[in-house]
Amino acid sequence: MDSWTLPPDAVEGDLEHSEQDYRTIFETAGSGMAVIEKDMTVSMVNREFECLTGYGRKELLGRPWTEFVAPGDLEKMKSCHSHLRDHPGEAPGKYSLSLLDGKGVWKEMFATVNVIPESGRIVASFFDISELKRLNRALEDTQRKYRLLAYNVNDVIWTLDTSLRYTYVSPSVERIRGYRVEEMLNQPLRNFLAPSSIDAAEAFFLEELVTAGPDKEIRYRERTLEVEVTHRNAANRWAELKITAFLNEEGYPRSFLGVSRDITQRRKAELALRESEDRYRAIVQDQMELVCRWRPDGTLTFVNDACCRYFGEDGETLLGKNFLQWLPEEVRWERKTRAAALGPNRPVEIIEHRIVDRNGETRWLQWTDRVIPDRTGRGVEIQSVGRDMTERHKTEEALRKSERLLADIINFLPDATLAVDLEGRLIAWNRAIEEMTGVFAGDIIGKGNYEHALPFYGCRRPMLADLVLNPDQEMEKHYTFLEREKDLLVVETDLPFMRGRNRCMWGKASPIYDQDGAIVGSIESIRDITERKRMENALIARERELDSKSRYLEEANTALNVLLKHIEKDKEEIRENMFVNIKKLLVPYLEKLGMSSLSPEQRACLDILRSNMENITSPFLANMTVRLYNLTPREVEIARLIREGKTTKEIAGMLHLSARSVDFHRLNIRRKLKLCERKSNLRSTLLSFS
């Protein structure tokens, strides 16, 4: 026997060991696997395939494979199998199909098939994608509902990134501000603000960007800002911006959601919602199962081709490497702990964790770990079958984000808003309407039979949103005011039983259309205008009162004008009578005194008396009264003597004053006549008053 020839029992042992290894791989694979003969009969299945289909092994083996496949998928399957048999060296084939399980239910499957060399048999691996399809349909349904509501937005909804550039603008901007959506996308906010508002708006957002939220569990922060905005074809408008900052894990804004309301015409403003969810779609291609073996310390001893392709490495590079070093620290510890717990009493463990691939992208993997014992029963290796769960995680997260975003947009609308579908079931009930009615959304969403009317009317009856879908002229008569604007309804009405108080409400409702233009529901906005109505009534009453008082004052003013004219006429008559009496009764006696023998002092007094009499009967007195109304009696007396040409000494002697006192009064007279800054003669100025 040659030295390199193995004994027959050793060859049989290695063959048996190899068959055991691959049978273990086949049986413990994380996906359902089956071997299909040339005549399309099933010759071999693993336990996962039994669980997947609901059939026992005895029910499957020997039966034609075509009995389990949907008729519409047979040609696709046969064509793929035939091609693989004719070209055995090509890559495995892949296709999706519907598989009938043991309960008579069709399941959506993704199959990876290949031909077993030199046998013509097909080995197929099946992955149940029914749940993934359901999640995708749920996501599409949520997106459809969101779009239907967003198409009815009448205000402007927009989003900004952290550089304050528009990432989304609702189509209503063209109707409200004249701009097309494409004109505003990726443009800075400041380009659409009036110059007077740019600094204030940018300071507001800068403060938001540098301020962290006090509570890291709260993922949003909302504030309100009023700014002057531009209009493409008209004058600037004032808008109220209701801004919500969505926060990252550190509490700082990662984006901004805003609703702009035109407060220039506040009564005609209308709330709406529209937000695009396209950026939240994340659908990736299905991944094949990953199979590897590793020692308890993490050293890889076997990897299949799918595992190599997934990690972008060849088998030689991966073998002998410790794969635990590529895992996050917390995942590394968990894998070690669970691997150590594997044994005869616990041979299988399922674990799901995240990894970061070579491109820096976070991905999720689900592993089915099974301990492989040696001949003594000691676990020497662990076989792991993995599948990429990233798509499912992203789909679930997109669904959660989509539903959360839709709820946030509706909740952040300032007006109370509700929406119903064609069956009258409530599909939207925002935070503002919760505050208005005291009824929480969780207690009423999904209910029909006019349940949403109970908080407003105390009974089940159609509301405005219901009348949009099913007009009722008798019900419309109950509204104080009703106006139709194309397909919109605008009303005002009194609600005497609204939470125990009489309230006046304004409402506006419109249909909800789908992408094909068909009506699928209606949306209604409600606003409490009780205070506004009270102020309007008070204003009307005040205007009536002022109008009455104005007429009374006009009549009184006319009477006063007549009275003043009579008074002026009487004053003029009194003045003329006084002048006549002075000339007739006093002046003749002064003339007689002037012809008598008088002392110089008496003569001076007589001259003063005669001068004063002349002044009384001359225009100077009237001018002194009007122009020198702020002079004291002594200053008036001295001003008359100055006008007559008397010197300071003469005035002092005549009035029994000191020369210093006369100079003091002269200075005051000049100051009051505003002659201090000018070199005008005081006597000349006084003479000009005649």
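Rule-based calculations on the coordinates, nothing more; no lab input. Note that the coordinates shown come from a computational prediction; the quantities given were computed from them, not determined experimentally. Quick reminder, even Gly has a Cβ in these numbers, built from the backbone with ideal geometry, and neighbours come from all protein chains shown.
Rg(Cα) of the range 13-128 divided by 2.2 N^0.38 Å?
With N residues counted in the range 13-128, Rg over 2.2 N^0.38 Å equals 1.04.
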Work out the length of the dipole vector of the chain about its Cα centre, built from +1 on the beta-carbon of each Lys and Arg and -1 on the beta-carbon of each Asp and Glu, and round it to the nearest 20 debye. 5860 debye
Kirkwood Rh, Cα atoms: Rg over Rh of the chain: 1.39
Toy charge model, Lys and Arg Cβ at +1, Asp and Glu Cβ at -1: the range 418-569 dipole around Cα centroid in debye, rounded to 20, equals 760 debye
Which lysines, on any chain, are close to LYS477 with Cα under 22 Å apart, when same-chain ones fewer than 8 places away are left out? LYS486, LYS508, LYS533
How much length would be gained if the chain were fully extended between TYR252 and ILE582, taking 0.36 nm per residue of separation minus their Cα-Cα distance, in nm to one decimal? 109.3 nm
Just subtract the alpha-carbon distance of ALA556 and LYS533 from 0.36 nm times their residue separation and send over the number in nm, one decimal. 4.8 nm
Identify, among SER680, THR368, LEU189, the residue whose Cα sits farthest towards the positive end of the charge dipole of the chain, taking +1 on the Cβ of Lys and Arg and -1 on the Cβ of Asp and Glu, with the dipole about the Cα centre. SER680
Can you find, among ALA306, TYR166, TRP333, the residue sitting farthest towards the positive end of the charge dipole of the chain, where Lys and Arg contribute +1 and Asp and Glu -1 at Cβ? TYR166
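Estimate the FRET efficiency between LEU682 and ALA604 by the formula 1/(1 + (r/R0)^6), using the beta-carbon distance for r and 30 Å for R0, to the nearest 0.05.
Working: r = 21 Å, r/R0 = 0.71.
For LEU682 and ALA604, the calculated efficiency is 0.90.
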Partner lysines whose C-alpha sits under 20 Å from that of LYS336, ignoring same-chain residues fewer than 8 away, are LYS321
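To the nearest 500 deg cm²/dmol, what mean residue ellipticity at 222 nm is calculated for the chain from DSSP H runs of n ≥ 4 alone, each contributing -39,500 (n - 2.57), summed and divided by the residues? Show your work: numbers first, answer last.
Numbers: 24 runs with 287 residues, N = 690.
The helix contribution divided over the chain gives -13000 deg cm²/dmol.
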To the nearest 0.05, the calculated FRET efficiency linking TRP106 and ALA200 through their beta-carbon distance, R0 being 41 Å, is 0.10
Within the range 351-366, whose backbone N sits under 18 Å from a point 7 Å along Cα→Cβ of GLU329? 354-356
Between ASP487 and LEU546, what length comes free when the chain is fully extended (0.36 nm per residue of separation minus the Cα-Cα distance, one decimal in nm)? 17.0 nm
Measuring from label point to label point, each 7 Å out along Cα→Cβ, what is the LEU657 to LYS569 span in nm? 4.3 nm
Please give the FRET efficiency for CYS51 paired with GLU75, using the beta carbon to beta carbon distance and R0 = 35 Å, rounded to the nearest 0.05. 0.80
Tell me, which longest segment in the chain has none of the GluC sites (Glu not before Pro) that fall in DSSP loops with at most 12 further Cβ atoms within 10 Å? 424-676
Partners for LYS38 among lysines (Cα-Cα distance below 25 Å; same-chain residues under 8 apart left out): LYS58, LYS76, LYS78, LYS94, LYS107
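Within the range 428-530, which trypsin sites (Lys or Arg not before Pro) sit in a loop by DSSP and count at most 10 neighbouring Cβ atoms inside 10 Å? Spell out each step's value before the answer.
Numbers: sites: ARG431, LYS447, ARG460, LYS477, ARG484, LYS486, ARG499, ARG501, ARG503, LYS508, ARG527; in loops: LYS447, ARG460, LYS477, LYS486, ARG499.
In loop regions of the range 428-530 (DSSP not H, G, I, E or B), the sparsely surrounded trypsin sites (Lys or Arg not before Pro) are LYS477, LYS486.
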Coordinate range along principal axes, alpha carbons of the range 307-351, Å, largest first: 35, 23, 17
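Show me the trypsin sites (Lys or Arg not before Pro) within the range 16-88 that DSSP assigns to loop and that have at most 14 other Cβ atoms within 10 Å of their Cβ.
Details: sites: ARG23, LYS38, ARG47, ARG57, LYS58, LYS76, LYS78, ARG85; in loops: LYS38.
Answer in residue order: LYS38.
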